[in-house]
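Below: the structure, in structure tokens.
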Amino acid sequence: MCVIQQQELPHQQEGSMKKILALTLILALCQFGTAQDKPLAVSGGVARTAALGGGPTNLYITDYTDVYINPANALLYPDLLFADIGYQFAGYSANGQNIGFTLGTGGIAIGISIGREEGPMYAKNSYGSGTFANSDYMLPSLNGYSPIASQEPLAPVQLYAAFSMGPIKLGAAVYRAGWSQTDDGTGSVGAKQKLVVSNNQTGFKVGTLMGDDKTYLDASALLRFNGSSAEFTDNNPNITTFTNSKYSVTGTEFGANARFFLPLSDKLTFVPVGRYYTFAYEPEVTSTPAPTHPLTKANAYSRNELEIGAGMNVKVQGGLVAIGLSMQRISLNNDRTQFDVVPNTVTVKQKRVWLDLPKVNIGAELALNSWATARFGYFKRFSTCTTTIDYPAMASTNTPASTTETSNSLEAMYAPALGMASAADQQLSIGLGLTYDRIALDGYIADSMLGDMPYILSGKINGVFGVLSMSYKF
């Protein structure tokens, strides 16, 4: 069979070429439109806020970790899987690891977070040491009673939800964590003896965002109950009197936070902030039979914080610059009650106060290209630390009442310290954010990396990042 092949004339070839070019252009535009419709990666986490001059939180910027302060922020970051990979990396482990997921649809957002350790049941959140070690960390007080070294609550879980009603967004969250151990005729106790020890937390948060996308109030409140208990019983028939001893305490936290984003221009936003926090607990020890001179509540502990400040958030090409100044006061209290002339008691009142005037937060975030962002920060507390002890008059020693006071420029670290040894280590910070498609990886660059350089230059094995966070946008 003979096949006749028809050749295209020059004008026909030119038309075919135009069709190919038009089709290519349409496909390219479709691809571009598809790429623009894809969800963009969302940078954030402790690695970002600490690198931007946070302590480790920077109140003058917004971040997806704001959901832990105000659950209404869940509406601003829907369909996001986020995690802090942690800090103080050793082998395959790290501290400060947690993960969360927020799902949003139709003006409603719900989410869950696992592993975020909050409150005075964790040493990482404590400012106390020495005489004031128990003021804002509850476990040492329990361990002074119990032969079992108690543990911090395991696997904290937060469930949060938020919904929008026009210009008002409302959110709420519940927090729960716990740990317990029972020795029944084994472990720390003998036959016929039993010891039950536990630490637990139950908390609630509520918050609101009021206004539009640029001008709005961010306000929230926290109420959390932290409980410790230990109960020892001895049912040994060889003893003549039934013995029972019990330690119990509830430490109550209350916190309130507010900030207002007020645009002064297309680039400049004024951000006043206010924050208050209080925590107190008073352990009680009882026993059967009762001692001759009972003193069931020998200590009262507390911590109080107040911060008032204002800052500016400035949009620059490819990023932002945030500067904030505030006054912060942190007070630790330890009131110790003891016997004078039995049965009379007296109380020694001990207080340590840090007054930061000012506290400085400076952060800059600049895009290097489409997938890398550089961050710089400065965090400084110009602190005066004053320790006051009020001694009561003692009839037993014929000693009059007196007061001692010491004051110096001792700067406290921020809590958690993120593995850094001193306040000086936390002044200057550098971070790097990397994004690819929907994935964001954010790192706080380690001081050893900056000082000694990477292995290929220094010959020393140094970690590149001191803190890592990541997220995935669905």
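The values are calculated or read from the model by the stated rules, or taken from the named source; none is laboratory data. For clarity, every value in this text was computed on a predicted model and none was experimentally measured. As a convention, Cβ positions derive from the backbone with ideal geometry for all residues, glycine included, and neighbour counts pool all protein chains shown.
General remarks:
- Residue check: Gly203 meets all listed conditions (1) under 17 Å from the mean Cα position of the chain (by Cα); (2) of a type in the set (Gly, Ala, Ser); (3) over 18 Å from Tyr160 (Cβ atoms) but one, namely (3).
- From the list Phe270, Phe254, the one residue that fits, being within 20 Å of the chain's Cα centre (by Cα) and not acidic (Asp, Glu), is Phe254.
- From the list Leu418, Leu366, Leu434, the one residue that fits, being under 23 Å from the mean Cα position of the chain (by Cα), surrounded by 14 or more Cβ atoms within 10 Å (Cβ to Cβ) and part of a strand (DSSP E or B), is Leu434.
- Annotation note: Cβ proximity below 7 Å between a residue of region 295-324 that is more than 24 Å from Phe260 (Cα to Cα) and without any contact (Cβ under 8 Å) to a residue 24 or more places away in the chain and a residue that is surrounded by fewer than 16 Cβ atoms within 10 Å (Cβ to Cβ) and of a type outside the set (A, V, I, L, M) (sequence gap 6+ or interchain) occurs for Thr296/Glu284; Thr296/Thr286.
- Hey, Ala440 assigned to a loop (DSSP other than H, G, I, E, B) and either surrounded by 15 or more Cβ atoms within 10 Å (Cβ to Cβ) or at pLDDT below 95 (or both) or not: no
- When Leu195 is tested against (1) outside any loop (DSSP other than H, G, I, E, B); (2) within 22 Å of the chain's Cα centre (by Cα), just one condition goes unmet, and that condition is (2).
- Residues in region 399-415 that are in a loop (DSSP other than H, G, I, E, B) and closer than 30 Å to Thr49 by Cα: Ser409, Leu410, Glu411, Ala412, Met413, Tyr414, Ala415.
- Residue in region 431-440 that is touching an Asp or Glu at 6+ places or on another chain (Cβ under 6 Å), closer than 20 Å to Gly45 by Cα, of a type outside the set (Phe, Trp, Tyr) and touching a residue at least 24 places away in the same chain (Cβ under 8 Å) present: yes
- Filter result for Ala446 (surrounded by 16 or more Cβ atoms within 10 Å (Cβ to Cβ) and without any contact (Cβ under 8 Å) to a residue 24 or more places away in the chain): yes
- Filtered residues of region 184-210 (kept if out of contact with any Gly (no Cβ under 9 Å at 6 or more places or on another chain), over 24 Å from Ser113 (Cα atoms) and either exposed (fewer than 14 other Cβ atoms within 10 Å of the Cβ) or at pLDDT 95 or above (or both)): Asp184, Gly185, Thr186, Gly187, Gly190, Val196, Val197, Met210
- Taken over region 131-142, the criterion of being aliphatic (A, V, I, L, M) and either in contact with a Pro (Cβ under 8 Å, 6 or more places away or on another chain) or part of a strand (DSSP E or B) (or both) is satisfied by Ala133, Met138, Leu142.
- The residues listed here are Thr286, Thr292; of these, the one that is part of a loop (DSSP other than H, G, I, E, B), among the β-branched types (Val, Ile, Thr) and either in contact (Cβ under 8 Å) with a residue 12 or more places away in the chain or loosely packed, with under 14 Cβ neighbours inside 10 Å (or both) is Thr292.
- Looking across region 263-276, the residues that are touching a residue at least 40 places away in the same chain (Cβ under 8 Å) and either in contact with a strand residue (DSSP E or B) (Cβ under 7 Å, 6 or more places away or on another chain) or not in a loop (DSSP other than H, G, I, E, B) (or both) come down to Pro263, Lys267, Leu268, Thr269, Phe270, Val271, Val273, Arg275.
- Within region 143-157, considering residues that are part of a loop (DSSP other than H, G, I, E, B) and within 20 Å of the chain's Cα centre (by Cα), the one surrounded by the most Cβ atoms within 10 Å (Cβ to Cβ): Pro153
- Residue within region 109-130 that is more than 19 Å from the chain's Cα centre (by Cα) and assigned to a helix (DSSP H, G or I) present: yes
- Flag if Ala47 is part of a helix (DSSP H, G or I) and aliphatic (A, V, I, L, M): yes
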